[in-house]
Amino acid sequence: METIIKIEKLHREFKMGSETVRALKGISFEIHKGEFVSIMGTSGSGKSTLLNILGCLDKPSAGDYFIDGISVSKLSRDELSTIRNRKIGFVFQSYNLLPRTSALENVELPLLYNNTVSSDERRERAINALTQVGLADRMHHTPNQLSGGQQQRVAIARALVNDPVMLLADEATGNLDTRTSYEIMSLFQELNSKGKTIAFVTHEPDIAIFTSRTIMLRDGNIVKDEGIKTLSARAALDKLPVSEDYDITVGIQNEIEN
Amino acid sequence: MKFRNHIKIAWQALLRNKTRALLTMLGIIIGIGSVIAMVSLGQSSTKGISSEISSMGTNAVMVMRASQTEGGVNIGSGNVQTLKATDVEAILAGSSNISMASPVVKASKQIVYGANNWPGAISGVNEAYLEINKYEIASGSNITADDVRNSAKVCVIGKTVVDNLFKNGENPLGTVIRLGRIPVKIIGILESKGQNMMGMDQDDIVILPYTTVQKRMLAINYLHMISASAVSENVSDLAVADIESILRRTHKIMEGNDDDFEVRTQQQILDMLSTVTDMLTILLAAIAAISLLVGGIGIMNIMYVTVTERTREIGLRMAVGAKNKDILTQFLFESTILSIAGGIIGMFFGVGLSFTVSTLLDWAFVLNIPTIAVSFIVCAAIGMFFGWYPARKAANLDPINALRYE
């Protein structure tokens, strides 16, 4: 299987005054094409540092990081920007959508920084991405006209629009209620089944169960890296009790039935 | 990155905060507006003054007496007696750049008519004087060359003199008035010219043949001034040079000695006055430029706040692939768009203001295209200059910290 991410003896150290904090202490792993990996760990485990390096926002102090065959360690700041633009799709906990800007324009954003994409193609790809996340009918809504789950879908569409080799999600369900979280996880599973490689950083075990492999970090070391039996988020969603105040159409139906 | 994309990004960002964008532009609008209004109004007033001077004849050349030193004693200019009527003839004969010339002998006598009297400012001149100095005859006639030859006791008077001597509305033409002890017949009345720009009444004048004034009133044989007219405005400098060389010859002034006369042109007076109004214009424009500077600082201030407020947005843009220079360009474009848009609105505001004011004050409206062009460039420069520091701050943010900024 094609290797998307290859990490070798990765170290990351921070100088805090006179002390040196060793956030990552020489970890190694690979992520292959089509994998759905959750990266888990408590705060202080080095999880965020790893995420920054995986996302090419930060560079390792020692060791090598290859994304899609490219060694990141020696790249300049501008070259890292290009890698982020072409190879990675970010999904954040707090969506990070531009306010007072339509969903479509939010999704177009990464392509604005890509010269090879014409404005027609940009629009077309943004519409496709929004269709993939099921928001084709909400294209011209601004973030404050969308629910949390919908906003996160827009963010996922934005991450998909540059056709990245890997989606990198940082606590992508952290701001959502259980039902919406499951919906988002179901969307991720759907994208994964179509071949998208996904790295999902979370500290919630009940979200990690929807992925196919878990890398557990503790104190800058990998303590566990194993394939797990994937649960279907769609099935989990169906098992959730129907809440009247949550889904208004169901509520109305109940009223009619009564 | 494509230029169009930069514009699009900056434009979208500005549209997200319309009110703020408008308020930020206000400083520039007022700044540019006042610079343009001040310069334009300054030029309108300059133009007004020069057209007033032109009405006195821009071709006019005056020969005055210069102060002289005799045997080591400076006798001032009042006692110089070297300017003669023959000089006028020499000038007319010797220079093709001079079209007309007239001797001027000044006298001051009480004018008496019946029970009324008036202090008369008498100018003894020849028949060309009125044309040189752009006086028109309202009724009657001008003095003639014959009058000059014969030292005729005739005069042409201005409206102020008429008003003060003929209070009952009699027809002055043909009447005899007394200038001191000498009876003089009024043969012409001048069209009113009003005040000149120094506030002097140009209608308070009595014109006589200079010979009459020289022989019958003052008993002198020299002139106080020569009033001449160059063929055109363009040759007035040549005319001055001609007069200087002719008079040095007729006055027999040795090489190296100072002239006993002084030649001035209307153009020099015009230049002097426009220097004053130009200075005023520059002063006003400088004050207006300060408000433009304040406007620029306003942009910097807002952009600075904006960068802090939009830290997360900057982080996100970096995360999805914006390079440092993309962020720098975005913020520079935002500030430049603000200042240019403000500049354009300010231009209309300034032009409108100066048009209104010059219309109300009945000045000639001057639209100065170079000023507007320069203001436009200054606007763009202000946007870039004051946008630079905040934009650099934005571009140098660390994406990791920016993304997590609360």
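The values are calculated or read from the model by the stated rules, or taken from the named source; none is laboratory data. Keep in mind the model is a prediction, meaning the values are calculated, not measured. Ideal geometry is used to build each Cβ from the backbone, glycine not excepted, and the neighbour counts take in all protein chains shown. In case anyone asks, the SASA skips ligands and DNA or RNA and just uses the protein heavy atoms, side chains included. Shrake-Rupley method; radii C 1.70, N 1.55, O 1.52, S 1.80 Å.
Here are a few things to note about the model shown:
- HN-Hα J in Hz across region A:140-154 - Karplus 6.51, -1.76, 1.60, θ = phi - 60°, x for Gly and Pro: 9, 7, 8, x, 6, 9, 10, 6, x, x, 5, 4, 5, 5, 4
- Alpha-carbon centroids, region B:320-352 and region A:209-243: separation in whole Å: 49 Å
- The separation of region B:75-101 from region B:181-239, counted between C-alpha centres, amounts to 14 Å.
- Rg and Dmax [Cα atoms of region B:151-229; Å; Rg one decimal, Dmax integer]: 13.6, 39
- Scaled radius of gyration (Cα, divided by 2.2 N^0.38 Å) that region B:189-299 gives: 1.72
- If you take all other residues with their beta carbon under 13 Å from the beta carbon of B:THR58, and give Lys and Arg +1 and Asp and Glu -1, the sum is -2.
- Scanning chain B for long hydrophobic helices, with DSSP H runs required to stretch 20 angstrom or more by C-alpha along their axis and to average at least -1.0 on the Kyte-Doolittle scale, returns B:18-55, B:236-250, B:266-309, B:324-360, B:369-395.
- Solvent-accessible area, 1.4 Å probe, carbon plus sulfur percent, for the protein assembly as shown: 56 percent
- For trypsin sites (Lys or Arg not before Pro), the sites in region B:229-293 that DSSP calls loop and that have at most 15 other Cβ atoms within 10 Å are B:LYS252.
- Taking every protein chain into account, the accessible area of the protein assembly as shown amounts to 47 square angstrom per residue (probe 1.4 Å).
- Global geometry of region B:254-366, whether rounded, prolate or oblate, following the gyration tensor of its Cα atoms and the 1.5 cut on a/c: prolate
- Overall dimensions of the protein assembly as shown as given by Cα atoms, namely Rg and Dmax in Å: 45.5, 135
- With contacts taken as Cα pairs under 8 Å and at least 6 residues apart, region B:81-259 reaches a relative contact order of 33 percent.
- Here the calculated FRET efficiency for B:HIS6 and B:MET272, from their Cβ-Cβ distance with R0 = 41 Å, stands at 0.20, rounded to the nearest 0.05.
- Eligible aspartates and glutamates near B:LYS252 by straight Cα distance, threshold 14 Å, same-chain separation 8 or greater: B:ASP87, B:GLU244, B:ASP260
- For B:TRP118, solvent-accessible area (1.4 Å; no DNA, RNA or ligand), Å²: 60 Å²
- Most to least packed among A:139-147, B:209-217 [average Cβ atoms within 10 Å]: B:209-217, A:139-147
- Using only alpha carbons, region A:139-249 has a radius of gyration to Kirkwood radius ratio (Rg to Rh) of 0.99.
- DSSP beta bridges in region B:81-259 [antiparallel fraction, %, rounded to 5]: 75 percent
- Measuring nothing but how far apart in sequence close Cα pairs (under 8 Å, 6+ apart) lie, relative to its length, chain B scores a relative contact order of 29 percent.
- Other residues whose C-beta falls under 15 angstrom from the C-beta of A:GLU226 contribute a net charge of +1, scoring Lys and Arg +1 and Asp and Glu -1.
- Per-selection Rg to Rh, region B:59-190 - Cα, Kirkwood hydrodynamic radius: 1.03
- Each residue, A:GLU30 and B:ALA381, gets one label point 7 Å from its Cα in the Cβ direction; the gap between the two is 6.1 nm.
- Pairs exceeding 28 Å between alpha-carbon atoms, taken from A:LYS196/B:LYS18; B:LYS185/B:LYS215; A:LYS194/A:LYS239: A:LYS196/B:LYS18.
- With only Cα atoms counted, chain B has Rg and Dmax values of 33.8, 106 Å.
- In this structure, the pairs whose alpha-carbon distance is over 19 Å, taken from A:LYS33/A:LYS87; A:LYS33/A:LYS59; A:LYS74/B:LYS393; B:LYS47/B:LYS159, are A:LYS33/A:LYS59; A:LYS74/B:LYS393; B:LYS47/B:LYS159.
- Restriction of the GluC sites (Glu not before Pro) in region B:234-269 to DSSP coil positions whose beta-carbon has at most 13 other beta-carbons within 10 angstrom yields B:GLU255.
- Where N is the number of residues in chain A, Cα Rg divided by 2.2 N^0.38 Å: 1.06
- Averaging Cα coordinates gives a centre for region A:106-153 and one for region A:3-23; these two points are 35 Å apart.
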